[in-house]
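Structure first, commentary second.
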Amino acid sequence: QVQLIESGGGLVQAGGSLRLSCAASGRTASEYAMGWFRQAPVKEREFVAAISWRVGSTLYANSVKGRFTISRDVAKNTVYLQKNSLQPEDTAVYYCAADQRWGRVAPYEYHYWGQGTQVTVSS
């Protein structure tokens with residue numbers, strides 16, 4: 001079992017920055033790949049970024065490349081999503097997820113999920 005708790009969401013103006021955190025507990029974090037997803041109103045949940053605990057490999061959705069950065073702090077069992085140059089279309093609930101397989105981008109492929117944190121970008 002893995003428990004995930006997101007934090008860091010909030011309201012930010014367009015062009016601003018925000019950093020989300022995902023604290024993981026339970027089974028050894030190094031066994032998992034961690035992903036960030038987001039879901040806007042009336043839209044499907046979509047992949048944002050992923051990172052492997054063991055070696056730090058990263059994967060990004062094209063829509064966030066160059067603006068978002070995923071990172072991890074192994075000692076703190078925490079994954080971060082630094083978001084820069086935020087736009088109104090980035091408004092969504094952001095979810096942290098974990099799975100034992102690396103490279104997955106579909107929500108159904110992730111086994112563990114956090115409760116989500118709301119990010120609202122005003123224009």
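The values are calculated or read from the model by the stated rules, or taken from the named source; none is laboratory data. No experiment lies behind these values; they were computed from the predicted model shown. Please note: Cβ atoms are built from the backbone with ideal geometry, for glycine as well, and neighbour counts cover all protein chains shown. The accessibility values were calculated without ligands, DNA or RNA, using every heavy atom of the protein model including side chains. Shrake-Rupley method; radii C 1.70, N 1.55, O 1.52, S 1.80 Å.
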Completion exercise
For Arg19, Arg45, the accessible-area ranking with a 1.4 Å probe, largest leading, is Arg19, Arg45
Exercise for the section: Apply the Karplus parameterisation 6.51 cos²θ - 1.76 cosθ + 1.60, with θ equal to phi minus 60°, to every residue of segment 109-123 and state each ³J(HN,Hα) to the nearest whole Hz, in sequence, with x for glycine and proline. Expected result: 7, 9, 8, 10, 9, x, 7, x, 9, 7, 10, 10, 10, 8, 8
Practice task
Over 17 Å, how big is the tail of the calculated P(r) for the chain, in percent of all Cα pairs?
Solution key: 50
Fill in the blank from the handout: Mean projected area (nm²) from the convex hull of Cα positions in segment 5-64 is 5.3
Practice task
With a 1.4 Å probe and all protein chains in place, put Val93, Val42 in order of accessible area, largest first.
Solution key: Val42, Val93
Practice task
Could you tell me what percent of the accessible area of segment 54-123 is made up of carbon and sulfur, with a 1.4 Å probe and every protein chain present?
Solution key: 47
Problem - GNM top mover of Ser25, Ser63, Ser17 - the chain, alpha-carbon springs below 10 Å - result: Ser63
Exercise for the section: Using a 1.4 Å probe and ignoring any ligands, DNA or RNA, find the accessible area of Ile5 and quote it in Å² to the nearest 10. Expected result: 110
Exercise for the section: Hey, can you grab everything whose amide H is under 5 Å from the amide H of Leu86? Only 5+ residues off in sequence or another chain; H modelled, so Pro and N-termini drop out. Expected result: Gly15, Gly16
Problem - FRET efficiency estimate (nearest 0.05) - Cβ-Cβ, Lys43 to Lys76, R0 22 angstrom - result: 0.10
Practice task
Using a 1.4 angstrom probe, figure out how much accessible area the chain has per residue, in square angstrom, rounded to the nearest whole.
Solution key: 51
Practice task
For Lys43, go through the aspartates and glutamates and keep the ones whose alpha-carbon is under 14 Å away, minus same-chain ones fewer than eight residues off.
Solution key: Glu89, Asp90
